[in-house]
1. For region 211-222, what does the Karplus curve 6.51 cos²θ - 1.76 cosθ + 1.60, with θ = phi - 60°, yield as ³J(HN,Hα) per residue in whole Hz, taken in order and with x for Gly and Pro?
2. Return the long-range amide H neighbours of LYS31 (sequence gap of 5 or more, or a different chain), with a cut-off of under 5 Å between placed amide H atoms.
3. Give me the net charge for the shell around ALA129: Cβ to Cβ below 11 angstrom, other residues only, Lys and Arg +1, Asp and Glu -1.
4. Give me the compactness ratio for the chain, meaning the Cα radius of gyration over 2.2 N^0.38 Å.
5. Points 7 angstrom from Cα along the Cβ direction at CYS382 and LYS166: gap in nanometres?
6. Across region 264-387, how large is the tail of the calculated P(r) beyond 18 Å, expressed as a percent of all Cα pairs?
7. Once phi is turned into θ = phi - 60°, what whole-Hz ³J(HN,Hα) does the Karplus curve with 6.51, -1.76 and 1.60 give for every residue of region 27-39, x standing for Gly and Pro?
8. What angle do you read, to the nearest 10 degrees and between 0 and 90, between the alpha-carbon axis of helix 43-62 and the longest principal axis of the chain?
Amino acid sequence: MRRRLVAAGRILAFCAAWACSAQAAEKPPIKIGAIFAVTGPAAFLGAPEANTAQMLVDKLNAAGGVNGHPLQLIVKDSGGSPEKAVAFAKQLIESDRVLAIIGPSTSGETMQIKALCEEERMLLVSCAAAEVIVNPVARYVFKTPQKDSQAVEWIYKTMRQKGIKKIGIVSSNDGFGAAGKKQLETSAPAFEIEIVANEVYDKAATDLTDILSKIKASGAEAVINWSIVPAQSIVPKNMKQLGMDVPLFQSHGFGNLKYVEAAGKAAEGILFPCGRLLIAESLPDDHPQKQLLLEYKSDYEKRFNDAASTFGGHAYDALMLVVKAVEKAGSIEREAVRDALENLKGFVGTAGVFNFSPADHNGLGLDSFEMLTVKDGKFVACKNADR
């Protein structure tokens with residue numbers, strides 16, 4: 001009799017455990033769409049973003065998912081095309097019925113789908129940098145890279161420290177270049193900086209000696225380039241060829257060692273504002289981001305045998321912000337998740353510590369930047385800018 005009771009107890013325990021696991025397994029997946037430029041001219045952005053997002057999803061699912069829900073990542077490769085980004089966004093909204101979209105990789109793509117996501121009440125967490133993505137605030141649109149205006153402020157503060165008063169600007173004719181150009185023009189008077197030359201070039205240009213010759217003739221004491229690839233590497237090489245011995249500043253889109261490798265020795269001395277991922281090892285041990293940054297770098301580099309970049313970091317932040325919002329909301333209803341994200345505080349990400357509000361859908365302050373330079377082919381912090 002006793003043996004029968006024990007056996008019956010075991011059967012009941014097994015059934016209860018099975019029922020619990022079956023119930024957990026029945027929880028629907030959380031579908032997250034991703035639009036990244038995995039291929040094409042902006043692949044330096046999109047490839048590490050796609051890698052990072054998949055790595056995170058695998059890690060989270062191995063640990064049981066999010067509130068018991070498995071994550072399902074649906075990646076669309078836009079190739080950097082705004083038209084493809086729009087088509088993919090419609091697909092993710094109408095056919096895949098995702099909870100949220102992370103990406104796109106570029107500002108031009110993001111601006112093309114911003115109104116669509118707002119109209120469809122689709123949560124969008126962009127991995128692109130232009131400030132116009134979140135200014136003015138759109139209810140369903142957020143972004144993870146730091147603001148253009150903050151990057152410009154860091155550059156101009158550094159110039160003030162160096163006594164630079166006359167500058168030449170070169171920028172690409174895409175969404176990111178146009179947004180940066182506008183911020184540079186708007187902020188210059190406050191720092192008593194005169195723009196003596198201001199040139200725009202085709203984003204696919206492979207030689208910029210013509211416009212840089214104009215900058216050289218203008219008497220500019222420094223050059224600012226605002227673009228993504230390929231110009232970030234072409235500008236320093238062309239400046240070297242022209243014998244331009246003035247400082248070159250780049251935007252916060254320069255945070256990838258591949259750009260340095262492409263520019264070679266011409267990259268030495270380039271100055272640019274950036275998050276701390278690229279200098280994680282040199283941060284003090286008590287810095288709130290250090291542990292996270294080192295862990296992300298280690299995980300990424302072990303899995304993909306490639307250096308981590310700030311761009312992959314933007315995807316890390318975008319995905320984890322959606323995850324944290326789901327956890328905070330205790331729900332996979334989009335409105336509840338949106339509300340939770342808009343009020344999320346103190347989230348430590350790769351770009352900084354995020355503090356969102358109804359008035360701020362970027363959530364990062366000026367202190368999320370460091371001024372970096374290239375020395376011996378590597379990124380190092382420089383302390384020329386006052387904070």
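1. 6, 5, 5, 5, 4, 4, 6, 6, x, 4, 8, 6
2. Distant-sequence amide H within range of LYS31: GLN72, LEU99.
3. Within the 11 Å Cβ shell, the charges total 0.
4. That ratio works out to 1.10.
5. Distance between the two pseudo-spin positions: 2.1 nm.
6. 59
7. Going residue by residue, I get 4, x, x, 8, 8, 10, x, 9, 10, 10, 7, 5, 10 Hz, with x marking Gly and Pro.
8. 20
A short reminder: the numbers here are calculations on the coordinates, not readings from a lab. Computed from a predicted structure; not experimentally measured. Neighbour counts run over all protein chains shown; Cβ positions are idealised from the backbone, glycine included.
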